Amino acid sequence: MKDWKIIIPHALVAVVVVSQIILSFFLYNPAGYWAVRNLGWVVLWTSAIFGWLPIYTFKRRGGVPRGKSFVHTTTLVDSGIYSICRHPQFLAGILLGLALILIVQHWIITALGLAVMAMFYIGILEAEGSGIEKFGNDYRHYMKRVPRTNFLVGLIRLLIKRRGS
């Protein structure tokens with residue numbers, strides 16, 4: 001029964017994300033605000049960075065057993081992208097939803113994007129519970145050092161820390 005509690009929410013997120021992406025091609029508003037659209041492209045590229053870097057970081061520093069997926073980490077990773085924000089891939093999903101809202105500028109894409117962003121944020125909260133369960137107090141200390149999703153604060157903290165070293 002626990003499998004269904006995992007599968008259904010993930011499937012729902014996938015359906016909404018894919019719907020937002022596909023409908024973006026059909027509902028694109030060429031008369032929209034160009035400055036908003038350009039900001040959307042910046043957000044989209046930022047999303048790509050936060051989506052792909054964790055794969056590399058986990059494979060390199062996460063103690064992933066040979067032949068296993070990057071999600072099978074055995075050690076708490078708090079360096080690289082994970083020193084800037086705790087949930088970069090969830091953040092990537094949130095930023096993707098926001099980027100499509102800004103680029104497409106259509107109310108249906110906005111509604112789907114808000115749903116996507118909410119679902120990914122709920123996923124973050126669940127992942128934090130899993131992190132505490134898996135890594136205990138080490139994860140709690142990590143939560144105090146590194147922001148959940150605010151990568152700008154994370155970058156500033158990292159720069160201040162490096163300057164002081």
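Taking the stated definitions as given, is Gly123 part of a helix (DSSP H, G or I), touching a helix residue (DSSP H, G or I) at 6+ places or on another chain (Cβ under 6 Å) and either touching a residue at least 24 places away in the same chain (Cβ under 8 Å) or among the aliphatic types (A, V, I, L, M) (or both)? Criteria met by Gly123. Only a single item in (1) closer than 29 Å to Leu39 by Cβ; (2) in contact (Cβ under 8 Å) with a residue 40 or more places away in the chain; (3) among the charged types (D, E, K, R); (4) in a helix (DSSP H, G or I) is not met by Arg148, and it is number (4). Criterion first (of a type in the set (D, E, K, R), surrounded by 17 or more Cβ atoms within 10 Å (Cβ to Cβ) and at pLDDT 95 or above) does Arg140 satisfy it? Considered against the rule, which asks whether it is of a type in the set (D, E, K, R), surrounded by 17 or more Cβ atoms within 10 Å (Cβ to Cβ) and at pLDDT 95 or above, Arg140 comes out as no.
Apart from one condition, Trp52 fits all of (1) under 26 Å from Ile22 (Cβ atoms); (2) surrounded by fewer than 16 Cβ atoms within 10 Å (Cβ to Cβ); (3) in contact with a Leu (Cβ under 7 Å, 6 or more places away or on another chain); the exception is (3). If you check Ser83, Ser47 for being closer than 19 Å to Gly154 by Cα, at pLDDT 95 or above, buried (at least 16 other Cβ atoms within 10 Å of the Cβ) and hydroxyl-bearing (Ser, Thr, Tyr), only one passes: Ser47. Within the stretch 1-20, the set of residues being of a type outside the set (A, V, I, L, M, F, W, C) and not in a helix (DSSP H, G or I) is empty.
Would you be able to say whether some residue in the stretch 91-105 is buried (at least 19 other Cβ atoms within 10 Å of the Cβ) and assigned to a loop (DSSP other than H, G, I, E, B)? Within the stretch 91-105 (the criterion being buried (at least 19 other Cβ atoms within 10 Å of the Cβ) and assigned to a loop (DSSP other than H, G, I, E, B)), the answer is yes, since at least one residue qualifies.
The values are calculated or read from the model by the stated rules, or taken from the named source; none is laboratory data. Computed from a prediction, not measured in an experiment: that's the story for all the values here. We place every Cβ from the backbone using ideal geometry, glycine too, and count neighbours over all the protein chains shown.
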